[in-house]
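Please treat every number below as a calculation from the coordinates, not as lab data. None of these values were measured; they are calculated from a predicted model. Here Cβ is always computed from backbone atoms with ideal geometry, including for glycine, and neighbour counts include all displayed protein chains.
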Amino acid sequence: MADPLFSVRELKVALPDMTRKPLIGRAPMAEILKGLDFELPRGSVTGIVGESGSGKSTLGRALVRLLEPSAGSIIFDGRDITHLPEAELRPLRRNLQMIFQDPMSSLNPRRTIFSIIAAPLRQNGFGDNLKDRVAEALQRVGLPLSFASRYRHQLSGGQRQRVGIARALALSPKFVLADEIVSGLDVSTQAQILTLLERLAAEMGLTVAFISHDLSVIRRLCRQVIVMREGVIVEASATDALFANPRQAYTRDLLAAIPLPEIDDGWLLPGAKAPA
Amino acid sequence: MDEGRISRHGSGARLWLAGGWLLLASLAAIFAPLIAPQNPLAQDLMFERLPPFWMSGAEPGFWLGTDSLGRDLLSRLIFGARIALIVAFAAALAACLIGSTLGLIAGYFGGWADRIISRIVDVWMAFPPVLFAILLVAVLGTGLSSVIIAIAVIDWTRFCRVIRAETMGQARMDYVENARIAGYGRIGIMLREVLPNVVPSIVALLSLEMGIAVIVEAILSFVNLSISTDDPTWGGIIAEGRLSIHQAWWVLVFPLVTLILTVLSFSQFGEGLKARFDPVLR
Amino acid sequence: MNATRPCLDIQSLSAVLPNGARVLRSVSLSVQPGEVRALVGESGAGKTMIGKAVLGVLPPSVRVVEGDMLLEGEDLGRLQPKARRTLIGARTALIPQDPLTALNPSRRIGPQMTDRLVRILGWSGPRADARIRQLLDAVQIRDPDRVLKCYSHELSGGMRQRVLIAAAFAAEPRLIVADEPTTALDVTVQKQILRLIAQLQREHGTAILFVTHDLGVVAKISQKVSVLYAGKVVEETETAALFAAPQHPYTRALMAATPRYTDPFASLKPVDEAVLAGLASEIAAADQAWRRPHG
């Protein structure tokens, strides 16, 4: 386990800031990630937590190279992928998979579930026995085979997210990015999807980066946690240690702000543990 | 899904009525020499301005009456369908191919491709379309192919603008990124992920454009700039009918009704196809 | 004045879609003056629908077929449409889920906030302005002059929601419907907003119908709670009692499914199929009993 799957050094990502775009000409660049250093150990789930504007989604998109970093380096499985052009990334894609936040938007409305799950298989040289492979992928996420001929609008929210997982795992990738995959789901569905991902990650030995705003979910699923705020890492440590003894004030504020489902008359009173 | 169900219920009758009329017009065009009761060019001053069959003074064999030169109106309409439909299909398809391709490229690739294509469209749209058509036909010379080229050259911008906007919307969807994750290249994503989602709009626009092409051809015929005056065209018949409106209203009314029904059928057929075959609405 | 008269009293309210499916199934609940009543449930539970019914803004496809709604003793169903709108406008207010779409993007915040007071309640301009400033101060907006001149996109999500909370309390409504007011916000902002709502609610003695999907929020903000499933109230009790001893199997399942970082392995339990089957038969039985007298 000494050899991490991902090793990230001084990672910076800048994106055009459309809110400051002049009438004519290019939008100025805004630095979203301001120099991140961390590693993702093989075969474990790492949580990335932060509020809006923390840069957690940008970080995820840089890891799977949907975005190109402006500085620093990303070493994936011993290979520097920081500035690889799209064509050279393509053979690596089978090991860099992603499950999206919104399965409504991430599944093509005019393709059948079969076609959606078959796409990565076909594109990565597993075009033979497609039927069996898609059937296996569906079965893995607990969906009946009959769903193959359906379209996304004929599925419930939880079923759509299962399809998203089936597609991402169809290639048995080394790495999966899960970006807020349960934030649009009801709690009962959320629990199903999370236990499914938990089981599959363990069975398949996946390395997962689990992006979420919900520390309660991270606590359950992740072995280590990276806490982000405004483009920098506030705190990164093993999950048990982080929750037992959060070192940073911001982490403590985040924890204190979670409304736990239990009666606590003092929670809403101003004073103790007030967020900055 | 509710909206889809509603539009699908309406689509059945619409699709069949519109499709039926278009099929009838197409069959008439293809088999015109076999169907037409008279020679559409045969003049007979003995039979000038005969009324349609239900009015007194009608002659058997001249179902919709004759024009001021004694030519059979029904036969002329049947032969006129040939020109109308050839122009509709050929011109609309050509405009669609040019416009949709450029729109897809501009919308999906953005950047310089988008800037250049969009500027061309802006300049193009600044020309008054009918004047533009007349000018083009004047330069190319009259004839069927000039009419088709003129309509395609003018109307591709319609497709380009709409398809560009649709494509830009689709390109922002997560499934485009999801396809990159799956290992698809840019062209592959454009064809596999984006195109199927703009096809319903293309079909709807195409059917609308076919109707527009029929009208533009009629306008060009009306101002005598379409094809040789020997071949009967709906626009030509309308132009002649206008001159004898007080003596023979039918020469103006029947081609107008035929034209309106055909144009309406094209647009309704497109909407009906979309409602029936788009998986999102099913 | 009758001190025990509920601020809002809903009695066996049923609503149907055009295809005859019931979206609200004989819902009864009441909100006492100055009380926060939570409506909790998952999507499709009808919790937002109840809020809309109270405010008289149900979508046109939803038809109320049975039941009464009494706002401070006045039967809304018996009033003429205009009188009903006036009554609802004067005595209720809404804190919406999405503060961005609730504000008109092309108008400044100030006039949007005073409009309702001036046009509907007939206040004078200066009086409305003074009132709005007073409330902006109460929601801890320190630079009201700037905020009143802003357009909605120039404010953060938390600021927008503060503005809407101030607007909701401005006309001293007797009842506020809060429809998932913190769902779109970050947790730290959510806590500030919940704190503001609770504080203003206490100070003004306003009753709140608080719609949420989050049992954590229910525990913190409400005194009473109704748990909904498929448009049916499956459990209704004091909030403290619900968390001490949930009675209905669905409530228990919902609690077990809600993640808790303090107890990670006892939480996040998927809902048992048997619970869902039980709910389905409970609802089928209720529908059958309801259909009989209604044909």
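Please verify whether segment B:122-133 includes one or more residues that are more than 30 Å from B:Ile237 (Cα to Cα), buried (at least 21 other Cβ atoms within 10 Å of the Cβ) and β-branched (Val, Ile, Thr). No, segment B:122-133 contains no residue that is more than 30 Å from B:Ile237 (Cα to Cα), buried (at least 21 other Cβ atoms within 10 Å of the Cβ) and β-branched (Val, Ile, Thr). A search for C-beta distances below 6 Å between a residue of segment B:185-209 that is surrounded by 18 or more Cβ atoms within 10 Å (Cβ to Cβ) and any residue that is not in a helix (DSSP H, G or I), counting only pairs 6+ apart in sequence or on different chains, returns B:Glu193/A:Asn108; B:Asn197/A:Arg110; B:Pro200/B:Asp278.
Every residue, every condition in (1) in contact (Cβ under 8 Å) with a residue 40 or more places away in the chain; (2) in contact with a strand residue (DSSP E or B) (Cβ under 8 Å, 6 or more places away or on another chain), yes or no:
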position	(1), (2)
A:Val134	no, no
A:Val163	yes, no
A:Ala178	yes, yes
A:Ser183	yes, yes
A:Gln190	no, no
A:Leu196	yes, no
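The helices (runs of 4 or more DSSP H) located wholly in segment B:181-282 that include 2 or more residues which are in contact with a Gly (Cβ under 7 Å, 6 or more places away or on another chain) occupy B:195-222, B:234-243, B:250-277.
The rows are residues; the columns are (1) over 26 Å from B:Pro196 (Cα atoms); (2) out of contact with any Ser or Thr (no Cβ under 6 Å at 6 or more places or on another chain); (3) buried (at least 17 other Cβ atoms within 10 Å of the Cβ); (4) within 9 Å of another protein chain (Cβ to nearest Cβ).
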{"site": "A:Arg79", "(1), (2), (3), (4)": "yes, yes, no, no"}
{"site": "A:Pro85", "(1), (2), (3), (4)": "yes, yes, no, no"}
{"site": "A:Met98", "(1), (2), (3), (4)": "no, yes, yes, yes"}
{"site": "A:Pro103", "(1), (2), (3), (4)": "no, yes, yes, yes"}
{"site": "A:Leu121", "(1), (2), (3), (4)": "no, yes, yes, yes"}
{"site": "A:Gly125", "(1), (2), (3), (4)": "no, yes, no, no"}
{"site": "A:Val134", "(1), (2), (3), (4)": "no, yes, yes, no"}
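For segment C:31-65, the set of residues classified as over 16 Å from C:Arg91 (Cα atoms), away from chain A (no Cβ under 14 Å) and polar (S, T, N, Q) consists of C:Ser61 only. For segment C:249-283, a residue qualifies if it is over 18 Å from C:Val227 (Cα atoms) and part of a helix (DSSP H, G or I), and the qualifying residues are C:Glu273, C:Ala274.
Quick one: is A:Ser183 in a loop (DSSP other than H, G, I, E, B), of a type in the set (S, T, N, Q), in contact with an Asp or Glu (Cβ under 8 Å, 6 or more places away or on another chain) and surrounded by fewer than 18 Cβ atoms within 10 Å (Cβ to Cβ)? Considered against the rule, which asks whether it is in a loop (DSSP other than H, G, I, E, B), of a type in the set (S, T, N, Q), in contact with an Asp or Glu (Cβ under 8 Å, 6 or more places away or on another chain) and surrounded by fewer than 18 Cβ atoms within 10 Å (Cβ to Cβ), A:Ser183 comes out as yes. Reported count of residues in segment C:166-175, each being more than 21 Å from C:Ile50 (Cβ to Cβ) and either among the charged types (D, E, K, R) or surrounded by 21 or more Cβ atoms within 10 Å (Cβ to Cβ) (or both), is 5.
Residues that are polar (S, T, N, Q), farther than 16 Å from C:Pro96 by Cα and buried (at least 18 other Cβ atoms within 10 Å of the Cβ): does segment C:176-185 have at least one? Looking for residues that are polar (S, T, N, Q), farther than 16 Å from C:Pro96 by Cα and buried (at least 18 other Cβ atoms within 10 Å of the Cβ), one finds none in segment C:176-185, hence no. Note on segment B:266-279: residues that are out of contact with any helix residue (DSSP H, G or I) (no Cβ under 6 Å at 6 or more places or on another chain) and within 14 Å of chain A (Cβ to nearest Cβ) total 2.
Are there helices (runs of 4 or more DSSP H) fully within segment C:142-234 with at least 3 residues that are among the hydrophobic types (A, V, I, L, M, F, W, C), in contact with a helix residue (DSSP H, G or I) (Cβ under 6 Å, 6 or more places away or on another chain) and more than 10 Å from chain A (Cβ to nearest Cβ)? List them.
Correct list: C:157-170.
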